[in-house]
1. How much length is gained on full extension from B:Leu234 to B:His44, taking 0.36 nm per residue of separation minus their Cα-Cα distance?
2. Can you find, among A:Val154, A:Leu168, A:Leu122, the residue sitting farthest towards the positive end of the charge dipole of the range A:118-193, where Lys and Arg contribute +1 and Asp and Glu -1 at Cβ?
3. Long-range amide H contacts for A:Val114: which residues qualify at under 5 Å (H placed 1.01 Å from N, peptide plane, sequence gap of 5 or more or a different chain)?
4. Could you pull the accessible area for B:Thr178 with a 1.4 Å probe, rounded to 10 Å²?
5. Count, for each residue of A:110-123, the Cβ atoms from other chains sitting within 10 Å of its Cβ, then give me the mean as a whole number.
6. Could you pull out which residues in the range A:74-89 have an amide N less than 18 Å from a spot 7 Å beyond the Cα of A:Arg129, following the Cα-Cβ vector?
7. May I ask for the accessible area buried between chains B and A, both sides summed, probe 1.4 Å, to the nearest 100 Å²?
8. Calculate the mean, over all residues of peptide A:129-135, of how many other protein chain Cβ atoms lie within 10 angstrom of the residue's Cβ.
Amino acid sequence: MTADEALLREMITNFWKLIKDEQYQNEVQRPLFEGFQVTHPDLLKRRVPKVADLSRLGSAEYPIAVNGVFGEISYLSLLRTSRGSPFAFHRVGSGSGTDSRLDVYELLSLDLSVRTRFHLDLYYSARTRQAPKGFKLANEFLRSNPIFGTHNNVPDFPIGISHAVRELSKDVYGCPAPVNVLRQFEGLLSEGG
Amino acid sequence: MAGADLLAGVIEWRGPFRYMMTFWDENISAPIGTIAKFLFSSLHWPEPPELAVDYATLALLLAGSFLRMRRLMHPVESLQQSKRSLKELRPAIREVDQSKIERAELPAGDKRASVATPDLVVVGPKPDKVVLGTRSAGAFEAIDRAFAPMNARSFAAILILSTLFWPLSALVLFFCLTRDLGGWIALKWGAPTQAISAVASRALWSRDPELMIFTRAQLLARWQRFMLALAPFLLFVLLFVANQALAPVPPIEVIIAIAAIPLAALGAFLWSIARRHPNDDVAEALERAERTLRKKPYTNRKEPGSVE
């Protein structure tokens with residue numbers, strides 16, 4: 001194996017670990033978490049709450065608990081409609097006032113049946129295993145398209161989402177992730193539009 | 001003499017069915033057991049259990065059928081011809097427009113659309129199956145080359161692999177249940193092969209139909225010879241099972257346990273190929289989007305929709 005191959009292999013291994021492994025995600029984003037702890041000393045000690053009324057999960061009152069930005073992307077990339085369609089997503093902004101710690105994401109299902117917004121609270125050390133009512137969580141990431149959105153804002157969302165995800169994966173995950181499905185999705189939109 | 005022996009057996013056991021039931025014990029297990037006992041006692045080892053001797057006998061017969069398969073296939077001119085046609089097909093496959101292949105792979109490449117046993121598909125009528133079969137023939141050639149000098153060492157390797165059949169089945173079962181082995185094979189090998197072959201064969205079929213027909217015939221002949229070589233072994237398995245069904249010792253549970261693992265492995269393998277995969281959901285979501293867009297072109301509407 002040449003040095004280039006070894007490096008490539010290491011990058012890919014690291015990429016998958018960063019998507020799947022919550023402990024590793026927390027290690028990588030520790031500086032960020034330490035910054036949180038200065039301003040919000042008790043936040044990271046919180047346990048992920050179990051929400052009884054799942055129809056309200058994702059609202060500003062019952063935000064979805066995740067571990068940092070990596071947790072947000074992993075959670076939303078695993079989210080599916082009841083028929084199994086994944087969502088393209090981007091961050092539209094942060095909550096205002098007392099909810100400034102919340103991130104607001106816009107989601108559009110790839111079968112175009114659902115367009116909605118969710119509030120996510122990233123100040124946890126684990127991500128919830130609950131899904132809002134009418135949604136479900138996939139067991140595994142899609143090999144051909146592991147990430148479906150970005151924590152940045154995409155002005156013409158969903159147009160430009162595949163490019164944004166590609167850039168995010170290069171900048172944050174250190175490896176260009178495959179975005180085959182998102183590209184095809186965008187292709188459909190531009191053909192049909 | 002052999003005919004007289006068979007007839008005598010039928011008369012002695014009052015009918016062919018009873019004779020068949022006892023054939024394994026009388027004519028296979030007993031003589032091989034005697035040899036095994038002799039070998040073990042000469043090494044001062046304890047006497048091997050009858051079931052172990054039977055298992056080793058079946059492994060020996062399976063290895064023998066592989067030998068037979070080689071003898072049936074190797075000297076025939078068709079193998080050389082098949083290699084030639086494979087060589088001729090390769091550049092044609094490479095000539096196929098890569099962009100078309102990529103298009104075919106998405107989303108079809110993601111779906112475990114149709115995954116068939118490579119040797120079986122050659123009997124199918126579609127030309128794309130020929131390319132699929134030819135590709136698998138390429139893999140077969142590689143294995144063939146590995147065992148090319150059929151000497152004691154390669155026979156020993158085949159014998160060891162045959163003996164390991166049961167533990168290998170257990171391993172397949174384990175990986176099918178825990179790691180989705182069938183799904184992995186289907187995605188890594190089945191779907192891309194299918195996608196490439198579908199595109200390549202369309203080009204080949206219009207370019208050189210005679211070569212395609214010839215290759216198809218060669219692959220069919222190979223499959224027939226494979227079955228011909230394996231048939232005696234299957235007959236011995238039938239005799240073994242028929243014998244064990246009647247014998248009080250070893251108990252039927254032992255036989256079921258031995259047969260259950262390979263059968264469960266086969267079932268789990270087929271199940272892990274056939275079960276619904278997340279990729280299927282994505283492909284269907286995109287198809288639904290396409291249908292929606294055909295009715296109404298997309299406008300970047302911002303109002304939140306409702307959950308279905």
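1. Numbers: separation 190, 0.36 × 190 = 68.40 nm, distance 3.43 nm.
This chain segment gains 65.0 nm when fully extended.
2. Farthest towards the positive pole: A:Leu122.
3. Distant-sequence amide H within range of A:Val114: A:Ser109.
4. Ignoring ligands and nucleic acids, B:Thr178 comes out at about 80 Å².
5. Values: counts 7, 12, 11, 8, 5, 7, 4, 1, 0, 0, 0, 0, 0, 0.
The mean count of partner-chain Cβ atoms within 10 Å per residue comes to 4.
6. In the range A:74-89, the label zone of A:Arg129 (backbone N under 18 Å from the point 7 Å along Cα→Cβ) covers A:74-80.
7. On the way: alone 19840 and 10240 Å², together 27450 Å².
It comes to approximately 2600 Å² buried between B and A.
8. On the way: counts 0, 0, 0, 1, 1, 3, 1.
The mean count of partner-chain Cβ atoms within 10 Å per residue comes to 1.
The values are calculated or read from the model by the stated rules, or taken from the named source; none is laboratory data. Given the structure is predicted, the values throughout are model-derived calculations rather than measurements. Neighbour counts are summed over all protein chains in view; Cβ atoms, including those assigned to glycine, are modelled from backbone coordinates with ideal geometry. For the accessible areas, the whole protein counts, side chains as well, though only heavy atoms, and no ligand, DNA or RNA atoms are used. Shrake-Rupley method; radii C 1.70, N 1.55, O 1.52, S 1.80 Å.
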